[in-house]
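The values are calculated or read from the model by the stated rules, or taken from the named source; none is laboratory data. Note that the structure is predicted; figures quoted are calculated from it, not measured. Neighbour counts are summed over all protein chains in view; Cβ atoms, including those assigned to glycine, are modelled from backbone coordinates with ideal geometry.
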């Protein structure tokens, strides 16, 4: 057990801010480290550093909050191999577990009990060339696919991907605007006009607490 460590940026209680579970109390375990550099990233503080904790310490910290929904996020959680062990331990302890991943690392080894929120990076992020398209075939029906959109070009690109892979018929697809670049009203009107089978989402935690860290 002593070798089962993870670099943790923060562990905190908040409301699930995104996904179809938005608004539900959730414990977030944010892992440190990311090999992407999306230009609009709002968690750049998690690119590196963090506190090294073993699995038992993490489980004890999560248990303090007495909430049964846990999201593993980052950074990019799948950069750390022991994130898989952490998810297994949480599941075996009776937690409902979500994983937020950037979509450029394989999800093949993630426990099938985990609800995955898988990003597809749009061109506006500067990281679209990193998408691992094979992940789409590995997603379960209850997993979700997220596009973060910085403008009209990203929207058009994302709609093409949704239609090309017929994503709306197999998964919940989330369209989320970059707050500083794409007004949510514009995105809502485009979705309605084009009858795109997606779910508009805003970052609920940012609506409530702004950019406050740990919320």
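When you scan the stretch 53-90, how many residues do you find that are in a strand (DSSP E or B) and touching a helix residue (DSSP H, G or I) at 6+ places or on another chain (Cβ under 8 Å)? So the count comes out to 3.
Here is the figure for the stretch 1-26: residues that are under 14 Å from residue 69 (Cβ atoms), part of a strand (DSSP E or B) and in contact with a helix residue (DSSP H, G or I) (Cβ under 8 Å, 6 or more places away or on another chain) total 3.
Output yes when any residue across the stretch 6-28 is over 21 Å from residue 148 (Cβ atoms) and free of Cβ contacts under 8 Å to residues at least 24 places away in the same chain, and no when none is. So far as the stretch 6-28 goes, no, none of its residues is over 21 Å from residue 148 (Cβ atoms) and free of Cβ contacts under 8 Å to residues at least 24 places away in the same chain. Evaluation of residue 205 against the conditions (1) in contact (Cβ under 8 Å) with a residue 24 or more places away in the chain; (2) not in a helix (DSSP H, G or I) shows that the sole unmet condition is (2).
Restricted to the stretch 187-202, and to residues that are farther than 30 Å from residue 27 by Cα and part of a helix (DSSP H, G or I), which residue is nearest to the chain's Cα centre (by Cα)? Here the answer is 191. Tallying residues that are more than 22 Å from residue 21 (Cα to Cα) and surrounded by 15 or more Cβ atoms within 10 Å (Cβ to Cβ) within the stretch 161-174 yields 2. Of the residues making up the stretch 20-49, those that are in contact with a strand residue (DSSP E or B) (Cβ under 8 Å, 6 or more places away or on another chain) and surrounded by fewer than 20 Cβ atoms within 10 Å (Cβ to Cβ) number 11. Each residue in the stretch 27-52 was checked for being under 23 Å from residue 129 (Cα atoms) and either outside any helix (DSSP H, G or I) or modelled with pLDDT of 95 or more (or both), and 14 of them qualify.
A quick yes/no check of all residues on (1) farther than 29 Å from residue 141 by Cβ; (2) out of contact with any strand residue (DSSP E or B) (no Cβ under 6 Å at 6 or more places or on another chain); (3) surrounded by 13 or more Cβ atoms within 10 Å (Cβ to Cβ):
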position: 176; (1), (2), (3): no, no, yes
position: 179; (1), (2), (3): yes, yes, yes
position: 183; (1), (2), (3): yes, yes, no
position: 186; (1), (2), (3): yes, yes, yes
position: 198; (1), (2), (3): no, no, yes
position: 201; (1), (2), (3): no, no, yes
position: 205; (1), (2), (3): no, no, yes
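When residues in the stretch 126-166 are screened for being over 17 Å from residue 183 (Cα atoms) and part of a helix (DSSP H, G or I), 16 of them pass. The condition (being modelled with pLDDT of 95 or more, more than 15 Å from the chain's Cα centre (by Cα) and surrounded by 17 or more Cβ atoms within 10 Å (Cβ to Cβ)) is satisfied by just one residue among 128, 63, 158: 158. For the residues 151, 94, the requirement of being at pLDDT 95 or above and over 30 Å from residue 63 (Cβ atoms) singles out 151. Which one is nearest to residue 29 (Cα to Cα) among residues in the stretch 91-105 that are within 14 Å of the chain's Cα centre (by Cα) and in a loop (DSSP other than H, G, I, E, B)? So, considering only residues that are within 14 Å of the chain's Cα centre (by Cα) and in a loop (DSSP other than H, G, I, E, B), the one nearest to residue 29 (Cα to Cα) is 102.
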